[in-house]
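My structure is below; once you've seen it, I'll send some questions.
Readers should treat all values here as calculations from the given coordinates under stated rules, not as data from a laboratory. All values derive from a computational prediction rather than experimental measurement. Virtual Cβ from ideal backbone geometry, glycine too; neighbours counted across all protein chains shown.
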Amino acid sequence: MVTEMQPIRRTRPRGRARWLILPTLVALLCACARGTAPSWRLTDVRGHLPDLRFHLTDGDGHAVNGRTYRGRLAMLYFGYTHCPDVCPLTLSHLHQVMEKLGPLADDVRILFVSVDPARDTPAVMRQYAAAFDPRVVGLTGSESEIAAVAKRYRVAYTRGPTLAGGGYEVNHSSGIYIFDARGRARLLGTPADSDDDIVHDLRTLVEMEQRS
Amino acid sequence: MSAARALPLAALLLVAAGALAGGDGALTADGAWIRVLPGDLPAAGYVTLRNAGDTEMALTGARSSAYRRIMLHRSAGAGGMSGMVPVARLPVPAHGTARLAPGGYHLMLMDPVHPIAPGRKVTLTLVFDGGRETLNVEFRARPANAVGP
């Protein structure tokens, strides 16, 4: 069992950080030699889910696709702005995750995709995303564009009955899909996963990327 | 009816009303907050209710001059799906508590009369047992990314 490795952020190690490198390398070599997989706390979906690919519109009304967000880790989450409880709760948790990541959060984007494009215009999505964290990107699109990305990740969503006042709710899958900087699906989380578990896995993923 | 006969009757009615109310001041609320979302998007209200009385009371709704419509809801997750179901009554057991908290029971606050800025206090009137008792509670408006009161 490989013990948990301390994250090393500095690219040019100084002072005490230098002393961590040798044990880290040894631990890594042992891990590789034995073929030990990283100790993920979320579900490892590498090879089981497709790469990050979609055609959507960002909060500024620009056409974007999966390649737009390459070069950083991406957390993909589906929801809608008229959802008063679970979506804000999840996005608040992801905001906490970003705060805990510190400078590493610069290497991560949260892609919040609307499953309610009729009400969620780019402007609404921009305002909503900004209320949670500057690194949340609100994405919307046509019905068919949303359906395509949802189908790609097996995300179900159904519109509920019209309520008094004309509103409606949308039931939706609540998974958090994590992609590496090359757009490969790596991990699947849920809103029930703790901030610390998500932080742990994102750090591990960033470190793996920095080494490769 | 003469005044002499009406007075004891009125007194009797008052006593009966007090008993029906499940004990004066038996219900209290704390940690009340609202997660405010941008624009006129629906918000969620959260609070912990305590019942010091000997009778179960149930939250059945709420009203406020700040929102045109308020519904009691519960978020429910099953099979990786998340959604909301309307709730008719949330019991607050005798000598017990009931929690409205993110991811569970919440008051869905719709159509704000005026935009509500984080930091403001908003008074909601919580309605128990269909109006048998009411409780005015000050809710603290918190930003969208808040995780608690």
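So what's the gap between the Cα centers of the range A:164-212 and the range A:72-126, to the nearest angstrom?
First find each Cα centre; the distance between them is then 10 Å.
What list of ³J(HN,Hα) values in whole Hz, one per residue of the range B:130-144 in order, does the Karplus curve 6.51 cos²θ - 1.76 cosθ + 1.60 (θ = phi - 60°) give from phi, with Gly and Pro shown as x?
Per-residue couplings from phi come out as x, x, 5, 9, 10, 9, 7, 10, 8, 9, 8, 6, 10, x, 3 Hz.
In peptide A:90-98, what is the residue-averaged number of other protein chain Cβ atoms found within 10 Å of each Cβ?
Working: counts 3, 2, 9, 4, 1, 5, 2, 0, 1.
Partner Cβ neighbours, averaged per residue: 3.
Quick one: net charge of B:Ala43's neighbours, Cβ under 11 Å, K/R +1, D/E -1? Walk me through the intermediate numbers first.
Values: positive: B:Arg35, B:Arg142; negative: A:Asp85, B:Asp40, B:Asp111.
Taking every Cβ under 11 Å from that of B:Ala43, the sum is -1.
With the calculation restricted to Cα positions, what are the radius of gyration and Dmax of the range B:86-149 in angstrom?
Just the Cα atoms of the range B:86-149 yield Rg and Dmax of 13.4, 37 Å.
Return the ratio Rg/(2.2 N^0.38 Å) for the range A:117-193, where Rg is computed over Cα atoms only. The partial results should precede the final answer.
Details: Rg = 14.3 Å, N = 77, 2.2 N^0.38 = 11.5 Å.
So the Cα radius of gyration is 1.25 times the expected 2.2 N^0.38 Å.
Add +1 for every Lys or Arg and -1 for every Asp or Glu among the other residues with Cβ under 13 Å from the Cβ of A:Thr43, and state the total.
Details: positive: A:Arg41, A:Arg46, A:Arg186; negative: A:Asp44, A:Asp193, A:Asp197, A:Asp201.
So the surrounding residues net to -1.
Report, in debye and to the nearest 20, how large the dipole of the range A:115-212 comes out about its Cα centre when Lys and Arg carry +1 and Asp and Glu carry -1 on their Cβ.
On the way: 12 positive and 14 negative charges, 82 e Å.
In debye, rounded to 20, the range A:115-212 gives about 400.
List, in order, the whole-Hz ³J(HN,Hα) value for each residue of the range A:94-100 obtained from phi through the Karplus relation with A = 6.51, B = -1.76, C = 1.60 and θ = phi - 60°; use x for Gly and Pro.
5, 4, 4, 4, 5, 4, 5
Under a point-charge model restricted to the Cβ atoms of Lys and Arg (+1) and Asp and Glu (-1), what is the dipole moment magnitude of the range A:68-123 relative to its Cα centre, in debye to the nearest 20?
Values: 5 positive and 6 negative charges, 35 e Å.
Once rounded to the nearest 20, the dipole reads 160 debye.
Taking θ as phi - 60°, what are the ³J(HN,Hα) couplings along the range B:92-101 by the Karplus curve (6.51, -1.76, 1.60), each to the nearest whole Hz, with x for Gly and Pro?
Listing the rounded values in order: 10, x, 4, 6, x, 10, 9, 10, 9, 9 Hz.
Next question, about the same structure. Quick one: B:Met108, A:Met208, fewest Cβ neighbours within 10 Å first, how do they rank? Don't skip to the answer; put the middle values down first.
Working: B:Met108 24, A:Met208 13.
So the residues, fewest neighbours to most, are A:Met208, B:Met108.
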